[in-house]
Amino acid sequence: MWIRIPEPNLNVTLAELLAESGLRAIGEVRVKSKQPDVLLDVSGIRIIIEGKYPGKRKELQEEATRRIDEGLCDIVMMVEYAKLNFSNLEITQRDIKQILRGASYNVGFVTYIERIGLEKWFPELKREIKFYEGVKFRDIVDYLMSVYDYVVKENVLDRVIERLREGIFSFADNIKVANININRLRYVLEWRED
């Protein structure tokens, strides 16, 4: 007979395994009156892992985007507990941990970069949510760190500042060649001389 372990138990156990791998992870903790499945802190970047059994991918994606939109984290890792074999009725917590360590997962990521809407101005930032199938536990940390590197190294703010700077200088150049009443423009833009 196949048994189904409650997801909170799997989440806490996954957090324990990640902590044993050297990450600062805690399962089923309260953050701003919300309860993410697993909370990680990697060098000041807050990461949440949302875990579900297969068949709930849409719900998983909605929960992940909501976590970002609520400002709870910078990255959400979505985990489907894909291939877990709990067939023993007298399974212990140690057994659950061992099964999770050897299991396959489907994982996907959502970051704040996808949620802030910059792809209108920077199409290269557009990323579709993609799930990686059959990921082993030992590879979860690698996937997590690659998304962490993407978020840390993607200098979105500098791109926005540069785009704003280009727009301002273009505007200034257009004012120079156009026949514009500078005093009227100062009044409209509410420029005050200090």
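The values are calculated or read from the model by the stated rules, or taken from the named source; none is laboratory data. As the structure is a computational prediction, the values presented were derived from the model and not from experiment. With ideal geometry, Cβ positions are generated from the backbone for all residues, glycine too; neighbour counts draw on all protein chains shown.
Here are some notes:
- The one condition from (1) within 18 Å of the chain's Cα centre (by Cα); (2) surrounded by 14 or more Cβ atoms within 10 Å (Cβ to Cβ) that residue 13 does not meet is (1).
- Apart from one condition, residue 65 fits all of (1) more than 20 Å from residue 115 (Cβ to Cβ); (2) within 18 Å of the chain's Cα centre (by Cα); (3) touching a residue at least 40 places away in the same chain (Cβ under 8 Å); the exception is (1).
- Condition met for residue 95 (over 18 Å from residue 130 (Cβ atoms), surrounded by 20 or more Cβ atoms within 10 Å (Cβ to Cβ) and at pLDDT below 90): no
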